[in-house]
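Trainee: Please find one structure pasted underneath; my questions will follow.
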Amino acid sequence: MESGNFFGEMAAFTGDPRSATATAVEDTSLLYFDEQTALELLRTSPVFGLGIIQTLCDRVRDNNAQITEMRK
């Protein structure tokens, strides 16, 4: 992942256990927040919410393109 990216959002927004584990290969700073904090950020920061939505839409589009390419 690149600087500024996020992961683990499904667990943060649903409270479900994470479905994967990440390992840093270099010194890394992380920001962690739980479901309650994620929901509060959505309520109070439209910019945060729009950023999450845009990133998730980008990921779905990229995954769809990869699936389409695999089917060729």
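Trainee: So what J values fall out for region 33-40 if you push phi through Karplus, 6.51 cos²θ - 1.76 cosθ + 1.60 with θ = phi - 60°, rounded to Hz, Gly and Pro as x?
Mentor: Karplus-based 3J(HN,Hα) across region 33-40 equals 9, 8, 4, 4, 5, 4, 5, 5 Hz.
Trainee: Using only Cα atoms, find the angle between the long axis of helix 46-71 and the longest principal axis of the chain, and express it within 0 to 90 degrees, rounded to the nearest 10.
Mentor: Once rounded, one gets 20 degrees.
Trainee: With a 1.4 Å probe and all protein chains left in place, how much of the accessible area of the chain comes from carbon and sulfur atoms, in whole percent?
Mentor: Of all accessible area on the chain, carbon and sulfur atoms account for 56 percent.
Trainee: Arrange the peptides 57-68, 16-27, 41-52 so that the one whose residues have, on average, the most other Cβ atoms within 10 Å appears first.
Mentor: Put in order of decreasing packing, that is 41-52, 57-68, 16-27.
Trainee: Determine the gain in length on full extension of the stretch residue 29-residue 13; use 0.36 nm per residue of separation and subtract their C-alpha separation, reporting nm with one decimal.
Mentor: Here the segment from residue 29 to residue 13 would lengthen by 3.6 nm.
Trainee: How far apart, in nm, are two points set 7 Å out from the Cα along the Cα-to-Cβ line at residue 42 and at residue 63?
Mentor: If labels sit at residue 42 and residue 63, their model points lie 1.7 nm apart.
Trainee: Would you kindly calculate the translational diffusion coefficient of the chain, applying Stokes-Einstein with the Kirkwood radius from alpha carbon pairs, for 37 °C and a viscosity of 0.692 mPa s, and quote it in µm² s⁻¹ without decimals?
Mentor: Here the translational diffusion coefficient equals 232 µm²/s.
Trainee: Using the heavy atoms of the protein chains and a 1.4 angstrom probe, tell me the accessible area per residue for the chain in square angstrom.
Mentor: Ligands and nucleic acids excluded, the figure is 90 Å² per residue.
Trainee: So for the chain, averaging the separation of alpha carbon pairs under 8 Å that are six or more residues apart and normalising by length, what relative contact order in percent results?
Mentor: This gives 21 percent for the chain.
The values are calculated or read from the model by the stated rules, or taken from the named source; none is laboratory data. The structure displayed is predicted, hence computed values, not measured ones. Because the Cβ atoms are built from the backbone with ideal geometry, glycine has one as well, and the counts that use them run over all protein chains shown. SASA here: full protein model, heavy atoms, side chains in, ligands and nucleic acids out. Shrake-Rupley method; radii C 1.70, N 1.55, O 1.52, S 1.80 Å.
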